[in-house]
Amino acid sequence: MKKHNKLVHDKIPNIIKTYNKLVRNKIPNIIKADGVKCKTHVATNDEYRMRLPIKLKEEVNEFMQNVCVEEIADILEIIEAIAKVERISLNEIKQKKLEKRKTHGSFTKHIVLEWTEEK
């Protein structure tokens, strides 16, 4: 009788994906509900302040790949979080936007600056 070697599989190691990024509050629970383990920590105020602009850049990049209302909403969410951390009210932002519109205009005329010539 010939013996067959049974292929014994040790537990295949889990794949760990490293993100190390700021996420929305409910994301860890959503991940866990899918049966996936995750590790998180609560950022200190300084770390949070440092990570917000990085998150803004991430969301703007996603918007550039997929122009849609969801990506605009993500950008606005981050801008509101930055404003809160910096103690800037949304009314202040709107007021500054109006002031800048008066002095520099808006983007409604679709003007593209091609070049300038220095003297």
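Computed over the Cα atoms of the range 44-99, what is the convex hull's projected area averaged over all directions, in nm²?
Values: hull surface 17.2 nm².
For the Cα atoms of the range 44-99, the hull's average projected area reads 4.3 nm².
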* Asked: In nm, to one decimal, how far is the modelled label at THR116 from the one at LYS102, with both set 7 Å along Cα→Cβ?
  -> 2.4
* Structure fact -> Expected vector for the range 95-104, Karplus 3J(HN,Hα) from phi with 6.51, -1.76, 1.60 and θ = phi - 60°, integer Hz, x for Gly and Pro, equals 5, 5, 4, 5, 4, 5, 4, 5, 7, 10
* Once phi is turned into ³J(HN,Hα) by the Karplus curve 6.51 cos²θ - 1.76 cosθ + 1.60 with θ = phi - 60°, what whole-Hz value does each residue of the range 40-49 show in order, with x for glycine and proline? -> 9, 8, 8, 5, 5, 4, 5, 5, 4, 4
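Under the 0.36 nm per residue contour assumption, what length would be gained going from the current alpha-carbon distance of LEU90 and GLU47 to full extension?
Taking 0.36 nm per residue and subtracting the Cα distance, the gain is 13.2 nm.
According to the Cα gyration tensor, what semi-axes, each the square root of 5 times an eigenvalue, does the equivalent ellipsoid of the chain have, listed from largest to smallest in whole Å?
On the way: eigenvalues 456, 88, 36 Å².
Those come to 48, 21, 13 Å.
Rule-based calculations on the coordinates, nothing more; no lab input. Keep in mind the model is a prediction, meaning the values are calculated, not measured. Heads up, the Cβs are rebuilt from the backbone with ideal geometry, glycines too, and the neighbour counts pull from every protein chain shown.
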